[in-house]
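The values are calculated or read from the model by the stated rules, or taken from the named source; none is laboratory data. This one's a predicted model, so the numbers in the text were calculated from it and none came from an experiment. For neighbour counting, all protein chains shown are included, and Cβ atoms are generated from backbone atoms with ideal geometry for every residue, glycine included. The accessibility values were calculated without ligands, DNA or RNA, using every heavy atom of the protein model including side chains. Shrake-Rupley method; radii C 1.70, N 1.55, O 1.52, S 1.80 Å.
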Amino acid sequence: MIKANIEVSSKLWLKKIKNPSKSINKILNKINKILRFSPKKYYTFTILLANNSKIKSLNKKFRKKNKATDVLSFPFYKKKDFLKTKNKRDIYLGDVIISFEFVFKRSINKIFLNEFNKLWIHGFLHLLGYDHIKNKDYKKMQHLENKILKLTSI
């Protein structure tokens, strides 16, 4: 089972998504069809719904970049250490932070919820060890993102 804990630090989010927790956890149930998480384990992670100011502050503090960004991911495990969790029942994956302003700006001619889903799913995959530094890794991650995003429209 996988579940997201949702923290809202900017009330702007609630004007666009009435119940973010319900929306995200509904998709997570579908994601299990693709990623096949162990039914004997309980995976959790946190999504912080923030604004540009908050994400800029976190980006500066942890990545030494003094600018706002769309999404930040802070995996609890490094990729090699994630394999060591096979004996654990409760696994905390890490944190994803998303900027309202970035989602809002990208959704001007699109659907807000779709743009939001793209970002949190991208951040979630980083928690699982996926990255896009090398071109082959980028293609692998993008393929998986697209596969998951197709599930969100079912």
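Each principal axis of the chain carries a Cα extent, and these read 41, 38, 30 Å when sorted largest first.
In the chain, Cα pairs under 8 Å separated by at least six residues give a relative contact order of 24 percent.
Hey, any idea what the orientation-averaged projected area of the convex hull of region 64-154's Cα atoms comes to, in nm²?
7.7
Solvent-accessible surface of the chain, averaged per residue with a 1.4 angstrom probe and all protein chains in place: 63 square angstrom.
Surface composition of the chain: carbon and sulfur make up 53 percent of the accessible area, probe 1.4 Å.
Lys139 sits among other residues whose Cβ lies under 14 Å from its own Cβ, and their net charge, with Lys and Arg +1 and Asp and Glu -1, is +1.
Working from label points 7 Å from Cα in the Cα-to-Cβ sense, the Ser107 to Arg63 distance is 2.1 nm.
Solvent-accessible surface of protein heavy atoms, probed at 1.4 angstrom with all chains present, puts Met1, Met141 in the order Met1, Met141, largest first.
Mean-square fluctuations from a GNM of the chain, with a 10 angstrom spring cutoff on Cα atoms, peak among Phe102, Phe116, Phe37 at Phe37.
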